[in-house]
Every structure is written in structure tokens, then in C-alpha cells.
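> Structure below; questions to follow.
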Amino acid sequence: MTNIIESSLKISLIILLFLCLLNMPYGYYQLVRFVAFIVFSILSYKAHKKNRNVEMVIYGGLALLFQPFFKIYLGREMWNMVDVIVGVGLIISLFTIRTKSKM
């Protein structure tokens, strides 16, 4: 059940991140930052409970990067690259979780 919730959160965030590549209103990007902060915080906490320290640090760092309170100004092109890299990383993590759970 937990893997289904984690997978759903990741898939939703992947879709939101890839939609950032389109020309969206500024409010959408604020929403993505807020949602990404919450999702990465949840994933970091779940990784901590499973003693997966590397994942915990990665998700915690991503939560800090996307947090909406103190904005990090990287420019549109750089944020697009970050969105793609993080989205691809989340896709890879979906497959590695499934591989680990089948063992």
C-alpha cells in the first residue's frame, strides 16, 4: 500500500514538473514549488523510516530546492533543466522501487 501511495505521488509530481516546460502562468510554477516541497518532504520522511539515508538526503535536498518560502532564482532555462532532471530521476526511482520490491 505504501509503495502505491509513493508511486502515485511521484507520478503526479513528474507530470507537474514536465508541464513546467510549457508556457504556464506564474501561479502554476508557485503551485508546483509548493506541491514538490510537500511531496519531497513526505518522501524524505518515508525514506528515513525505512533507513534509506541516501534517498532521505536526496529528497530532503530537493525539498529545500523547491521550497516556496525563500525562492531560489535560477532563471527559466535552468529551472527547466532542473525540472527535467528531477522528473527523469523520479521515473528511474519508480522502476528501482519496483525492482527492489519484487526481490
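> Where the second residue is of a type in the set (D, E, K, R) and the first is closer than 18 Å to Phe40 by Cα and lies in region 69-94, which pairs have Cβ atoms under 7 Å and are six or more apart or on separate chains?
Filtered contacts from region 69-94: Leu90/Lys10; Ser93/Lys10; Leu94/Lys10.
Per-residue answers, yes or no, for (1) buried (at least 19 other Cβ atoms within 10 Å of the Cβ); (2) within 17 Å of Gly87 (Cβ to Cβ); (3) modelled with pLDDT under 90:
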| position | (1), (2), (3) |
| --- | --- |
| Ser12 | no, yes, no |
| Leu17 | yes, yes, no |
| Cys20 | yes, yes, no |
| Pro25 | no, no, no |
| Ser44 | yes, no, no |
| Lys49 | no, no, no |
| Leu65 | no, yes, no |
| Phe69 | no, no, yes |
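> Let me ask you something else. So Asp83 clears everything in (1) outside any loop (DSSP other than H, G, I, E, B); (2) at pLDDT below 90 except one condition, right? Which one?
Here Asp83 meets the rest and fails (2).
> What are the residue pairs meeting all of these: first residue in region 45-59, first residue over 14 Å from Asn3 (Cα atoms) and in contact (Cβ under 8 Å) with a residue 12 or more places away in the chain, second residue of a type in the set (Phe, Trp, Tyr) and part of a helix (DSSP H, G or I), Cβ atoms under 7 Å, and 6 or more apart or on different chains?
Hits for this filter: Tyr59/Phe40.
> Exactly one of these conditions fails for Tyr59: (1) of a type outside the set (A, V, I, L, M, F, W, C); (2) surrounded by fewer than 17 Cβ atoms within 10 Å (Cβ to Cβ); (3) touching a Leu at 6+ places or on another chain (Cβ under 8 Å). Give me its number.
Result: Tyr59 passes all but (2).
The values are calculated or read from the model by the stated rules, or taken from the named source; none is laboratory data. Predicted model only: the values in this text are computed from it and were never measured. So basically every Cβ, Gly included, is an ideal-geometry build from the backbone, and we count neighbours across all protein chains shown.
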